[in-house]
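Okay, so here's the structure we're looking at.
The values are calculated or read from the model by the stated rules, or taken from the named source; none is laboratory data. Bear in mind that the values here come from a model prediction, so they are computed numbers and not experimental data. So basically every Cβ, Gly included, is an ideal-geometry build from the backbone, and we count neighbours across all protein chains shown. Quick note on the areas: whole protein, heavy atoms, side chains included, nothing else; ligands and nucleic acids left out. Shrake-Rupley method; radii C 1.70, N 1.55, O 1.52, S 1.80 Å.
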Amino acid sequence: MENKNITFPKGFLWGSATSAPQTENMGPINIGGKSETIWENSFKNDPDRYFEQRFCEGDFYNRYKEDIKIAADLNFNSLRFSISWARLVPDGINVNLEAVEFYKNVFNECKKYNIKVFVVLNHFDHPMWVMEQGGWENKKTAQDFAKYSSIAFEKFGDLVERWVSFNEPVGIIEGQYWYDVHPPFENNFKKGISAMLNLNLAHALSLQEFRKSGLSTEFGLILNITLAVPRSKSESDVKASKIADLFQWKCFMDTAYWGKFPNELYDLLVERDLWPSSINIADYNKEFLKEKIDFLGVNYYSPLRVKSLDYEPVFDESRSQVTPETHFYQKYEMPGRRMNIYRGWEIYPKTIYSILMRIKEEYENINCFISENGMGVQNEERFRGENGMIQDKYRIEFMAEHLMWIAQAISEGSSCNGYHMWTYIDNWSWINAYKNRYGFIELDLTTPDNVRREKLSASWIRNVIKENKI
Ligand code: BGP
């Protein structure tokens with residue numbers, strides 16, 4: 001691609017994504033009337049799962065003013081938060097007034113700086129009482145989620161520009177049921193499929209509540225669209241990539257966008273005896289909405305390269321040990337690929353362009369934005385310069401390359417209207433805890449008051465946003 005100055009459209013949304021469980025002080029002591037979440041419960045029972053046995057040490061709950069000022073200083077015009085369900089409705093019935101006050105304060109603080117507020121209702125966490133009733137495997141959880149959504153719309157509707165039901169619902173299924181990385185750390189394929197249907201339903205019911213609320217703002221969904229790239233053009237590799245797309249993207253995108261669970265995925269699962277007997281697809285399809293989301297958020301870090309299986313998969317009697325990556329396709333390591341070795345993710349910026357073009361071609365160019373993109377690096381202190389600042393040139397390069405491809409897609413008609421980085425201040429990363437750091441701002445956990453310090457990338461992004469160009 002040609003290397004030149006590129007200007008972004010007027011009103012382009014610049015900012016960052018954050019989430020409640022990764023930044024608020026969720027700690028062992030539940031401040032502000034919050035009830036226990038699946039993460040706190042899991043850490044309490046099994047701290048060894050977590051890198052260096054560390055839980056979230058974020059202090060956003062008390063220092064939101066300072067952190068929002070940092071966002072404003074970076075010239076952000078938008079910022080994404082998630083609401084903690086366990087904080088807003090701790091027991092599923094009563095609204096926690098302290099939580100209402102806290103989130104109102106946070107959103108009003110953003111208004112002071114003309115920062116648009118985007119809110120996700122669920123970012124990988126839910127209260128323990130939800131887990132105790134079967135989590136996303138239980139259809140009732142979808143109804144409870146709709147109730148919680150309507151409370152959020154009523155309390156914060158006038159302060160939020162964009163609402164999102166879920167961040168990466170596929171991540172919930174993979175993490176909780178297939179690949180053993182989120183509590184309850186299960187390996188049970190069919191449970192994951194039940195959860196997939198109930199998450200889709202929860203999204204639809206939440207959207208219905210949103211429309212009922214009469215709010216004139218927008219409602220969308222955030223998906224991690226890795227885009228399955230086949231190793232070769234061979235029929236078997238291309239077929240494997242189509243199946244990977246069904247599991248990774250279309251199971252939520254098509255259901256939310258076209259109002260129907262994809263037939264190809266249903267047929268594939270029934271054929272292999274992998275469909276949960278309690279789920280009647282016709283009943284669910286009736287409940288999905290024909291009404292489309294207003295926008296799509298695209299989280300992109302790395303492409304999903306796949307090849308067909310080079311062995312015959314064995315399906316155990318109960319079908320519990322099945323996963324997409326062992327029974328339907330295999331990951332493919334492209335020779336010479338560029339890697340983020342700390343996270344184990346390939347770096348391939350052009351895929352962000354391909355994703356945006358596919359959204360344009362296959363989903364009527366729905367209004368979309370890049371809702372996460374970023375680079376987590378371990379031991380960043382070794383890049384500290386003489387002035388004490390971490391010289392994260394790799395992060396600047398990473399962003400610049402992705403932004404160039406986004407600009408290319410926009411020049412070819414993509415509706416992409418924003419770019420949010422994951423994330424602006426270093427934060428806690430689930431079972432990886434504080435291993436990899438993503439921020440423009442260093443969070444120094446070795447200091448008693450968690451000092452925030454700018455990295456080199458902070459001045460870079462500040463300038464890019466100011467000029468609206470790279
Ligand atoms: C996304 C999540 C974020 C964030 C990010 C980076 O999938 O939405 O919450 O964590 O990935 O990944 P990680 O923190 O696992 O390194």
Two pseudo-spin positions, 7 Å from Cα along C-beta at R49 and at E161, lie apart in nanometres by 3.7
Report, in deg cm²/dmol and to the nearest 500, the calculated mean residue ellipticity at 222 nm for the chain, where each DSSP H run with n ≥ 4 adds -39500 (n - 2.57) and the sum is divided by the residue count.
-11500 deg cm²/dmol
Under the rule a/c < 1.5 gives rounded, and otherwise a/b versus b/c splits prolate from oblate, where does the range 234-284 land using the Cα gyration tensor?
oblate
Links that overshoot a 25 Å alpha carbon limit, given the list K116/K350; K350/K469; K139/K212
K116/K350
Restricting to aspartates and glutamates and to Cα separations under 13 Å from K4, and discarding same-chain partners fewer than 8 apart, the set is E401
Can you pull out the trypsin sites (Lys or Arg not before Pro) in the range 239-274 whose DSSP state is coil and whose Cβ has at most 16 other Cβ atoms within 10 Å?
K260, R272
Solvent exposure of the chain as accessible area per residue, Å², 1.4 Å probe:
39
Once you place label points 7 Å from the Cα toward the Cβ at E287 and E264, how far apart are they in nm?
2.6
FRET efficiency (Y113, Q133; Cβ distance; R0 25 Å; to 0.05) is 0.05
Surface accessible to a 1.4 Å probe, E442 within the full protein complex, Å²
10
Please report the antiparallel percentage of DSSP beta bridges with both residues in the chain, rounded to the nearest 5.
25
Coarse-grained scattering of the range 254-343 at q = 0.18, 0.22 Å⁻¹, given as base-10 log I(q)/I(0) from a Debye sum over alpha-carbon atoms
-1.06, -1.14
Pairwise label distance in nanometres, K233 with E101, each label 7 Å out on the Cα-Cβ vector
6.6
So for the chain, what are the equivalent ellipsoid semi-axes in whole Å, largest first, each being the square root of 5 times an eigenvalue of the Cα gyration tensor?
31, 28, 23
